[in-house]
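K.L.:
My structure is below; once you've seen it, I'll send some questions.
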Amino acid sequence: MELTARQIAETLHGRVDGNPDVIVSKLAKIEEGTPGSISFLANPLYEDYIYKTGASIVVVNENFEGSHPISATLIRVENAYTSFAQLLEIFNRLKPAKSGISPYAFISKSAKTGENVYLGEFSYVGEDVVIGNNVTIYPQVYLGDHVIIGDHTTLHAGVKIYNDCVIGSHCILHSGVVIGADGFGFASQPGKEYKKIIQSGNVVIEDDVEIGANTTIDRATLGSTKIHRGVKLDNLIQIAHNVEIGENTVIVAQVGVAGSTKIGKNCIIAGQAGIVGHLSVADNTIIGAQSGVEKSIRESGGAYLGSPAVEAGKARRNIVHLRNIDNLVKRVNELERRMNKEKPE
Amino acid sequence: MELTARQIAETLHGRVDGNPDVIVSKLAKIEEGTPGSISFLANPLYEDYIYKTGASIVVVNENFEGSHPISATLIRVENAYTSFAQLLEIFNRLKPAKSGISPYAFISKSAKTGENVYLGEFSYVGEDVVIGNNVTIYPQVYLGDHVIIGDHTTLHAGVKIYNDCVIGSHCILHSGVVIGADGFGFASQPGKEYKKIIQSGNVVIEDDVEIGANTTIDRATLGSTKIHRGVKLDNLIQIAHNVEIGENTVIVAQVGVAGSTKIGKNCIIAGQAGIVGHLSVADNTIIGAQSGVEKSIRESGGAYLGSPAVEAGKARRNIVHLRNIDNLVKRVNELERRMNKEKPE
Amino acid sequence: MELTARQIAETLHGRVDGNPDVIVSKLAKIEEGTPGSISFLANPLYEDYIYKTGASIVVVNENFEGSHPISATLIRVENAYTSFAQLLEIFNRLKPAKSGISPYAFISKSAKTGENVYLGEFSYVGEDVVIGNNVTIYPQVYLGDHVIIGDHTTLHAGVKIYNDCVIGSHCILHSGVVIGADGFGFASQPGKEYKKIIQSGNVVIEDDVEIGANTTIDRATLGSTKIHRGVKLDNLIQIAHNVEIGENTVIVAQVGVAGSTKIGKNCIIAGQAGIVGHLSVADNTIIGAQSGVEKSIRESGGAYLGSPAVEAGKARRNIVHLRNIDNLVKRVNELERRMNKEKPE
């Protein structure tokens, strides 16, 4: 697809500064721009690139003032970063969409599929599964019996969803995601071996949830493990059985949340953090990377850091003290020396 | 399936307190109970729910005494929690079992399958594979050449087992598990690049082992990576080449065990812990969450915590001191102030 | 395949000490050797095993002198470990190679495959994919549209590669690897929900890269996430969008590298470490296990440890001080006691 600077400026409600008829067909980073591509400059740290870029068009902030000649046509907009995100969407929408049900997929007779569904090769759809409208299911996906998939949801290649789990609308699940595997529940026996506790609940994922590659969300022992609307999970995250994650909470890669913990709304949990089971974490909480949360957090809006996690300000002060502990030990040595010199016991 | 309170009480060796003819067809958490469901109350913290639950039957401890009227029929048993685990199993057993070999699976001619095997769609069975009796293999599973699968084992959708690996009886492997990928072994070369060391061993998993979703167990360089009988592994765990894990050891999600380490029997390793390679960990050891074990543990029955891990009691005292290090620094400041005032050097 | 001691000695440029006609057909660890197998002794700690081993041949260092009688034939070589790695390769090369394109694979009409390609059952090859010569693709692999796979590369069962990604020559990707899933990019909205930022870049993996089971590498927002030549990644690693990893860098299991970080050449990053986004890590850097790197590392050749990571020598001293912090607190208590006794304020 080809667009002129004039057409793009109209779409972005911006103003052309240069040749309005120059044509572009793809997006590029400013440092990698080639003729026929459009790029953007939002961060002043990258300004040097605009004088050297090969891109035909660069989207800049309204008030951008260059200090050297620029060969590219500029499009001036209110917020260059936001406008560029918009361009990403425009170009993305132009990709041919996958459609149709592959003759190499397997669909149980009792399953129901909505309108305009793509079901890729070697995907398996179990008994009584219900797939909504405009759903995109890539190859090699597994949907166990009684699974429900909401409208406009995308399941990438190789997603596995165990029986009875429910996925909302406008969700995106990336490759290797496993939804509804058995929770990790065992009863210890007199002989030191363990007996499996049947995990008969399910996982319920509400609308607008995105789940990163190879993340695992276990089914509840009874009832549901719940991921509420708008939650964003990165890759390789572990969500244990009976966990509940509140609306619009964001969790970064490799975090683990242990069983039955409830996390509030609008939280941010940074990478590789761990949260112990059976806790509550209040709304709007921020947990730092690699933290270990071992107590419930009752007050909304706090920030926590460290393992075990403490209030972030205190954690940062402690980190400084720890960096200098060598010095602290020397100071205590010196105090003892002076004390002994003065008054030996 | 429908059961009366009387039938259930008989199975659980309990006593009906209320209407013995009330019928239930499913299990529910006490706070989510609806008519037709059976729930349980074991933890006194949840007692309030029993006065409000919509469940038709609640299983309680023998000596439970309510403080308000209860509409549900009670079944009194010795241990409400254990009885409920039993009910989970009873209801689970009633689910229709999958059976038969799908015409959409691929089985090499030299493979052998036992009696009463389920082999799902798009699963692949390599040369000389031996599958025991009563084995359940969901869709999209991969069994490399010469793999052996014991009786009554279940492989969930998408499990991948490389050639020559051996899985025992009564095992459960969840979706995304990878058994037998190459161990991480490279020899550094003069030019700073690395040369792969061929990993020609295998993985041997004994009976009654359960392995959580997306966990990876690498094949040995030579010989076998060994997971002994009764081991329970949670999700997203990394077991490196030539590791050995003793009977009935339990490992929680996202733990990593580096190459050639031997872990004893009946250990518990909590989430996100890491264990360095070439160590021995004694039987009955407990390792805390996020710990980093860098030395062998020779004595049986200890508990360890922290990174690097130390004896748990000491680790907990250190944690308290660290939380108060700000205060310790102030105390040293004050000592120096007083010392200097008294006798300036 | 069967080989005599004489044949093996010739291949290894070694010298037979014992029966040159003894025949072996497999490799074994020295402690597990049985007649017909060949083993090696490189580490003197294992010397005891050579007097007891059932192996028919043992490869030893040239100057090895036994202190007891040895029944096995010895092959004396310059470096027993290196020679054994060579033997692993020789025996490995003799395994029958997979070949041919399965009629149960799906190949889009516009895809191109080179010569001598193995494409396993239930693998999916998208539009305009280009597969080089001598490529081995096991069952259940997914190659999205426009993917390019270089010569002599192996993709194990169940690898998923999203559209537009590029894999070099002589690469090995293990089961469950996901290449090119969307980077974790969202713009927060006034209502506290998040809007997805389209991830329209790709992943480029150069030659001689090996990637462990269930590792995930996300596609760039724009441009490419880059894994340079000779990089070795272990299992369950997370590489975020727009990351770049320099030549011959080795990363151990469960490490996470956040978005846009650039890691230099010849680095070693130990297990479970995490690296914050938008950093630079210099060439030849070593990062310890479970470390958390939160600042750029500018100087080549350093070693870092801890969370947050500091220079390794300092980190180790701090660890010793921390282990003894209980003692430090007691010393401060004692100083205060003496100070107060002497001159109470």
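The values are calculated or read from the model by the stated rules, or taken from the named source; none is laboratory data. Predicted model only: the values in this text are computed from it and were never measured. Note that we place each Cβ from the backbone using ideal geometry, even for glycine, and neighbour counts take in every protein chain shown. Ligands, DNA and RNA are excluded from the accessible area calculation, which covers all protein heavy atoms including side chains. Shrake-Rupley method; radii C 1.70, N 1.55, O 1.52, S 1.80 Å.
K.L.:
In debye, nearest 20: dipole of the protein assembly as shown around its Cα centre with unit charges on the Cβ of K, R (+) and D, E (-)?
P.N.:
Roughly 2660 debye, rounded to the nearest 20.
K.L.:
Here's something else I'd like to know. Give me a comma-separated list of calculated 3J(HN,Hα) values for region A:287-296, in order, Karplus coefficients 6.51, -1.76, 1.60 applied at θ = phi - 60°, integers in Hz, x for any Gly or Pro.
P.N.:
Each residue of region A:287-296 in turn: 10, x, 4, 6, 6, x, 8, 10, 10, 5 Hz.
K.L.:
Based solely on its DSSP helices, what 222 nm [θ] is calculated for chain A when runs of n ≥ 4 H residues each add -39,500 (n - 2.57) and the sum is averaged over all residues, nearest 500 deg cm²/dmol?
P.N.:
Rounded to the nearest 500, the figure is -4500 deg cm²/dmol.
K.L.:
Considering only B:297, B:325, B:286, give the residue with the highest GNM mean-square fluctuation for chain B, with springs between Cα atoms whenever their separation is below 10 Å.
P.N.:
B:325
K.L.:
Something else now. Give me the percent of the accessible area of the protein assembly as shown that comes from carbon and sulfur atoms, probe 1.4 Å, all protein chains in place.
P.N.:
The computed percentage sits at 50.
K.L.:
Which value results for Rg/Rh of the protein assembly as shown when Rg is the Cα radius of gyration and Rh the Kirkwood radius based on the inverse mean 1/r?
P.N.:
0.99
K.L.:
Over region A:146-220, calculate the relative contact order: mean separation of alpha carbon pairs under 8 Å at least 6 apart, over the residue count, as a percent.
P.N.:
On the way: 182 pairs, mean separation 25.6, N = 75.
The value is 34 percent.
K.L.:
Something else: List the trypsin sites (Lys or Arg not before Pro) in region A:240-345 that DSSP assigns to loop (not H, G, I, E or B) and whose Cβ has at most 14 other Cβ atoms within 10 Å. Which are they?
P.N.:
A:295, A:298
K.L.:
Only bridges whose two residues both fall in region B:159-308 count here: according to DSSP, what percent of them are antiparallel, nearest 5?
P.N.:
Expressed as a percentage, antiparallel bridges in region B:159-308 total about 5.
K.L.:
Can I ask one more? For residue C:192, go through the aspartates and glutamates and keep the ones whose alpha-carbon is under 17 Å away, minus same-chain ones fewer than eight residues off.
P.N.:
Answer for residue C:192, where 17 Å is the Cα cut-off: A:206, A:207, A:208, A:210, A:247, A:283, listed by chain and number.
K.L.:
Explain nothing, just the number: dipole magnitude of chain B about its Cα centre with +1 on each Lys and Arg Cβ and -1 on each Asp and Glu Cβ, in debye rounded to the nearest 20.
P.N.:
In total the dipole reaches around 1200 debye.
K.L.:
Next up: Could you tell me what % of all Cα pairs in chain B have separations over 36 Å?
P.N.:
Roughly 45 percent, once rounded to a whole number.
K.L.:
Now a separate question. Which whole-number percent gives the relative contact order of region A:159-308, counting Cα pairs below 8 Å spaced six or more residues apart? Walk me through the numbers before you get to the answer.
P.N.:
Numbers: 505 pairs, mean separation 21.6, N = 150.
Here the relative contact order equals 14 percent.
K.L.:
A further question on this structure: With Rg and the Kirkwood Rh both taken from Cα atoms, where does Rg over Rh land for region B:159-308?
P.N.:
For region B:159-308, the value is 0.98.
K.L.:
Ignoring ligands, DNA and RNA, how much accessible area is buried between chains B and A, both sides summed, with a 1.4 Å probe, to the nearest 100 Å²?
P.N.:
5200
K.L.:
While we're here: For region B:270-345, build the convex hull from the C-alpha positions and give me its volume per residue in Å³. Mind showing how you got there, number by number?
P.N.:
Numbers: hull volume 9.7 nm³, N = 76.
Once divided by residue count, the hull of region B:270-345 is 127 Å³.
K.L.:
Here's a follow-up. Within 10 Å of each candidate Cβ there may be at most 12 other Cβ atoms; applying that plus a DSSP loop requirement, which GluC sites (Glu not before Pro) in region A:91-190 survive?
P.N.:
A:115
K.L.:
Let me ask you something else. Within region B:128-218, which trypsin sites (Lys or Arg not before Pro) sit in a loop by DSSP and count at most 14 neighbouring Cβ atoms inside 10 Å?
P.N.:
B:192
K.L.:
Checking buried surface per residue: for region C:260-275, which residues lose a minimum of 10 Å² accessible area in the protein assembly relative to the chain alone (1.4 Å probe)?
P.N.:
C:266, C:268, C:272, C:274
K.L.:
Provide the FRET efficiency to the nearest 0.05 for the residue A:317-residue B:31 pair, computing r from the beta carbons and using R0 = 51 Å.
P.N.:
With R0 = 51 Å, the Cβ-Cβ based efficiency is 0.75.
K.L.:
Determine the relative contact order of chain B: mean sequence separation of Cα pairs under 8 Å and six or more apart, normalised by residue count, in whole percent.
P.N.:
Values: 958 pairs, mean separation 21.3, N = 345.
Reported as a whole number, the value is 6 percent.
K.L.:
Could you state the principal axis extents of the C-alpha atoms in region B:81-176, from the largest down, to the nearest angstrom?
P.N.:
Each principal axis gives a Cα extent; for region B:81-176 these are 46, 25, 24 Å.
K.L.:
Tell me, what HN-Hα J-couplings in whole Hz come from the Karplus equation 6.51 cos²θ - 1.76 cosθ + 1.60 at θ = phi - 60° for each residue of region A:67-84, using x for Gly and Pro?
P.N.:
With the stated coefficients, region A:67-84 comes to 9, 9, x, 10, 7, 5, 6, 9, 10, 8, 9, 4, 9, 4, 5, 4, 5, 6 Hz.
K.L.:
Over region B:3-93, what number does the Rg to Rh ratio reach, with both radii from the alpha-carbon atoms and Rh per Kirkwood?
P.N.:
With Rh from the inverse mean 1/r over Cα pairs, Rg/Rh is 0.91.
K.L.:
Then there's this: Per residue of C:309-318, what is the mean number of Cβ atoms on other protein chains within 10 angstrom of that residue's Cβ?
P.N.:
2
K.L.:
Restricting to bridges with both residues inside chain A, how much of the DSSP beta-bridge set is antiparallel, in percent to the nearest 5?
P.N.:
Around 15 percent of the beta bridges assigned by DSSP in chain A are antiparallel ones.
K.L.:
Give A:98/C:109; B:341/C:341; A:26/C:226 a once-over and call out the pairs whose C-alpha atoms are over 18 Å from each other.
P.N.:
Details: A:98/C:109 15 Å; B:341/C:341 16 Å; A:26/C:226 20 Å.
A:26/C:226, as the Cα separations exceed 18 Å there.
K.L.:
Could you work out the pair-distance distribution P(r) of region B:148-202 from its alpha-carbon pairs, with 5 angstrom bin width and percents rounded to whole numbers?
P.N.:
Spelled out per bin, shortest first, that is 5, 18, 19, 19, 11, 10, 8, 6, 4, 1, 0.
K.L.:
Shifting gears a bit: Binning at 5 angstrom from zero up to the longest distance, how are the C-alpha pair distances of region C:231-279 distributed in percent?
P.N.:
7, 25, 32, 32, 4
K.L.:
Using Cα springs under 10 Å in a Gaussian network model of chain A, which residue among A:96, A:139, A:69 shows the largest mean-square fluctuation?
P.N.:
A:69
K.L.:
From the P(r) of region C:48-99, could you give the percentage of C-alpha pairs in the tail past 15 Å?
P.N.:
56
K.L.:
Pick out which of C:329, C:320, C:177 has the largest mean-square fluctuation in a Gaussian network model of chain C, springs linking Cα atoms closer than 10 Å.
P.N.:
In the Gaussian network model the winner is C:329.
K.L.:
Show the residues, 5+ positions off or on another chain, whose built amide H is closer than 5 Å to the amide H of residue A:113.
P.N.:
A:131
K.L.:
Within a Cβ distance under 11 Å of residue B:158, other residues only, what is the Lys/Arg minus Asp/Glu net charge? Working shown, then result.
P.N.:
Values: positive: A:160, B:160, C:160; negative: none.
Summing Lys and Arg as +1 and Asp and Glu as -1 gives +3.
K.L.:
Can you work out the accessible area per residue across the protein assembly as shown, with the rest of the protein chains kept in place, probe 1.4 Å, in square angstrom?
P.N.:
Values: 42580 Å² over 1035 residues.
On a per-residue basis, 41 Å².
K.L.:
What lysines sit close enough to residue C:295 to cross-link, taking a C-alpha to C-alpha distance under 19 Å and skipping anything fewer than 8 places away on the same chain?
P.N.:
C:262, C:265, C:314
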